[in-house]
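The values are calculated or read from the model by the stated rules, or taken from the named source; none is laboratory data. From a predicted model like this one, the values you see are computed outputs, not experimental measurements. No Cβ is skipped: glycine too gets one built from the backbone with ideal geometry, and neighbour counts run over all protein chains shown.
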Amino acid sequence: MKKLCVFLLAISLCFALVACGGDSTPTDNSAEFVKPTGYATVLVVTINPQFRLYLDKNGVVLATEPLNEDAKAIMSEIKTEDTSLEGVVKEILITANEKGFVKADATANFEITETADATVDTSALLTKAKDAFEKTAKDENIVITVEIKNDEKTEDDTTTSTVTDTDGASDTETVSDTVTESDTVTESDTETVSDTEASTSTHQHVYEDATCTEPKKCSCGATEGSALGHGFADGKCSRCGADDPDYTPSFTSVKEKLCNWEGNVFSADGNTVYSLTLVLHGDEIVISADIGDKIDPDMPEAADAIEINGNLYYFGRGSGDVPLVSVTEDGTTVTVVDGANGQLVLTRVDENTLKVTSSPDNFGHEVEEYYAVGKIPVDTTLKAVTEN
């Protein structure tokens, strides 16, 4: 009877062990990842999603391992057609940004954590990753700061130290090197093993000068200080030339300025020039146009011709003085009205310059069928010329 009880107890225990160990599927996604064989370097990329990249000696990514939940969430979205280091880090940044993991003032970190092939130039590898990342950020208008760190460990990286016992005997032991920058390993009170500081490289900001509207800015998007602000004087910024929106110029009224306003208007073919004169002060305001025809240098009239823009014009005709009806001013706007209610609108550019803003097809009517000049083009400039 006793043997039967023991036998039944053993059978029950076997069933219990099978029940507990029957489900062998791992629940942690990270346990499913298998390191590739023949990798030369391990590079960790951290935005907030964090990935471990296994690279061969030529910089080709053999495998990408997600290291946190954010990385696992976007792993399936990352394209893998381009397995170069540049291609992989580009896809990581683009995908992380699209999924909302690149926040304001974001920082990306590249770190070499393991080197299995001592011939690999890890500094060059980090620079390649950083350059590809920053180019992608610029192309995609992503503002992010990039930092790189070289803190690699080789597969056989160990440190051997000698410990002296109190009895005078010397024991030799091997301490695995897990030292990072500025860390030390202590073996009792009489021994300290120090690792050589890992080389560290961090992006250095190079700022362009601040402008009136922008602070100092680095190519990575970082800024420093604030914009200079405009330095307005006489309606213009002394630094950038922008107009002062609050500037109200103070000019002598055209009705009081004792001068003629003169300028040239050319026909469409350039064969005729109208030399305009506007008199806007005094009791009689008038417009006149001396009309010049282009001539060849060998023509008899050339002796009395006037050279304008490299051509000779002979002024043998004109309109004479044609009375105008009124001239009004509103700030820097001057409006002149002729006998047919045609309005010539000009803007005061400065004390001695008027520029045409608009004009009718024919201006300078004294009566309906007669006018001094045809269409005066917009932006025609008239300069103040003191009367003789």
| task | Answer yes if at least one residue in region 100-122 is under 30 Å from Gly221 (Cβ atoms), buried (at least 16 other Cβ atoms within 10 Å of the Cβ), in contact with a His (Cβ under 8 Å, 6 or more places away or on another chain) and at pLDDT below 90, and no otherwise. | result | no
| message | Need the failing condition index for Val349 against (1) free of Cβ contacts under 8 Å to residues at least 60 places away in the same chain; (2) in a loop (DSSP other than H, G, I, E, B); (3) under 45 Å from the mean Cα position of the chain (by Cα); (4) on the phi < 0 side of the Ramachandran plot, just the number. | response | (2)
| Among the listed residues Asp244, Asp189, Asp234, Asp209, which satisfies the condition of being at pLDDT 80 or above and loosely packed, with under 12 Cβ neighbours inside 10 Å? | Asp209
| field | Conditions (1) touching a Gly at 6+ places or on another chain (Cβ under 9 Å); (2) surrounded by fewer than 16 Cβ atoms within 10 Å (Cβ to Cβ): number failed by Val349 | value | (1)
| remark: Picking from Val88, Val120, the residue that is closer than 22 Å to Leu62 by Cα, part of a helix (DSSP H, G or I) and not charged (D, E, K, R) would be Val88
| message | Only one of Gly282, Gly263 is of a type outside the set (A, V, I, L, M), assigned by TED's automatic domain parsing to the domain that holds Leu344 and part of a strand (DSSP E or B). Can you tell me which? | response | Gly263
